[in-house]
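Just below is one structure, and these are the notes that go with it.
A short reminder: the numbers here are calculations on the coordinates, not readings from a lab. Predicted model only: the values in this text are computed from it and were never measured. Here the Cβ positions follow ideal geometry from the backbone for every residue, glycine too, while neighbour counts run over all protein chains shown.
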Amino acid sequence: MRSPVIDVHTHMLSNEWLALLERHGGPRYTLREVAGGRRAIHLDGAPFMTPVPAMLDYDLRVKNMSKARVDLAVVSLTCPNVYWGDAEVSLAAARLMNDDMTAAKRAYPDRIRWFCSLPWQYAEAALGELKRALAAGASGVMVLANIAGRPITDSAFQTIWRAIDEAALPVLVHPTAPPGIGEMVMHEFQLTTSVGFTFDTSLAIARCIHDGFLDRYPRLKLIASHGGGALPFLIGRLDTCWDHIPAARAKIAERPSNYARRVYADSVVFRQDALEMAVSVFGPDNVLYGSDYPHNIGDMAGCLARVDALPGDVRERVRGANAREIFGF
């Protein structure tokens, strides 16, 4: 019997959230038309996220899930999440999206679960919203790989991480535009999407490994987006640096590859060998099906086809068994 397919990396927005971003996101965040005619969210003039109509339509989502043979979706807000505006605006944006996803779960109780969004840059408000969201049925937490340019390991966020760790929650670490996109000229060719995002995730998870973050918060479950970014390819380099560079082992007593087995990753990669490398580095119990639907490069059917090409028991774990264990579904 095949495992139910659980999608842990898939997004929804609301028109109200977009309107709030357009009113309060400036001057750094703006909405402007890009090639192809759609309006994209820009950071410092570089486009990095293009809303599409399917992000606003749960009926269409469920139909497309059925068509792709996806049983359950754990939806989340994508970047730039709610890390803009003052404390009042950021909290309002988080509440708006958390309430919207609560309603979606109520409308589709057998098909929809959700990660809550938090105003991370305002710790007291974030803790209050975490408590409210969990009471409303959130299955975990969404965090971007940098919070308004600050590392997720920054001490400013430690009270929030402590609460998440105490609740042993899954946390989807999702990239956004990395700091320095202007200096790296990432507005050309929309390189933020193709390269910048994977760089953002790789840096965030590598920092978590080297900083001792996984030792401080052993109960939470970090899910690294996009197959862990470039980390599967780079993990041998991280180990070699740990072996030979004192600064790389200043806070951890084990090689980074050992810590990688304590991190989860999704299957949002676009080559079979990339997925197999993620399974090799993170472990067959730590890779979870994801699709990135309905982003314009999201692919429910293609990501599932690559998962289904894995060896039997590994396939069933990645399809949904691993997710059922860490979420308790």
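Can you compute the charge dipole magnitude of the chain about its Cα centre, using +1 on each Lys and Arg Cβ and -1 on each Asp and Glu Cβ, nothing else charged? Give it in debye, rounded to the nearest 20. Intermediate values should be presented prior to the final figure.
Values: 35 positive and 36 negative charges, 102 e Å.
So the dipole magnitude of the chain works out to roughly 480 debye.
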Between ALA135 and ARG271, what is the label-to-label distance in nm when each label sits 7 Å out along the Cα-to-Cβ direction? 4.9
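With a cut-off of 8 Å between alpha carbons and a minimum separation of six or more residues, what is the relative contact order of the chain in percent? Working shown, then result.
Details: 615 pairs, mean separation 62.7, N = 329.
With pairs under 8 Å counted, the relative contact order is 19 percent.
Mind sorting MET101, MET49, MET186 by how few other Cβ atoms lie within 10 Å of their own Cβ, fewest first? Can you show the working numbers first?
On the way: MET101 28, MET49 21, MET186 25.
Result, fewest neighbours first: MET49, MET186, MET101.
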VAL195 versus ASN15, label points 7 Å from Cα toward the beta carbon: distance in nm? 3.8
Out of GLY320, VAL287, GLY229, whose Cα points farthest toward the positive end of the dipole of the stretch 6-327 (charges: +1 Lys, Arg; -1 Asp, Glu; placed on Cβ)? GLY320
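Regarding the chain, what whole-number volume in Å³ per residue does the convex hull of its Cα atoms give? Write out the running numbers ahead of the final one.
On the way: hull volume 41.5 nm³, N = 329.
It comes to 126 Å³ per residue, whole-number rounded.
Hey, can you list the DSSP H helices of the chain whose Cα span along the axis is 24 Å or longer and whose average Kyte-Doolittle score is at least -1.0?
Numbers: long enough: 87-107 (30 Å, -0.01).
TM-like helix candidates: 87-107.
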Using the Cα centre of the stretch 6-327 as origin and beta-carbon charges of +1 (Lys, Arg) and -1 (Asp, Glu), tell me which of HIS244, SER90, ALA136 is placed farthest towards the positive end of the dipole. ALA136
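Calculate the dipole size of the stretch 94-139 relative to its Cα centre from +1 charges on Lys and Arg beta carbons and -1 charges on Asp and Glu beta carbons; express the result in debye to the nearest 20. Write down the numbers at each step before the final one.
Numbers: 7 positive and 5 negative charges, 34 e Å.
Around 160 debye, computed over the stretch 94-139.
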Chymotrypsin sites (Phe, Trp or Tyr not before Pro), restricted to the stretch 246-308: which are DSSP loop and have at most 14 other Cβ atoms within 10 Å? PHE270
Among PRO119, PHE48, ALA107 the positive-end extreme of the charge dipole of the stretch 33-158 (Cβ point charges): ALA107
Out of residues 5 or more away from MET49 or on other chains, whose amide H comes under 5 Å of its own, with H placed 1.01 Å from N in the peptide plane? ILE41
Suppose R0 equals 30 Å. What FRET efficiency, 1/(1 + (r/R0)^6) with r the Cβ-Cβ distance, do ASP308 and ALA87 give to the nearest 0.05? 0.10
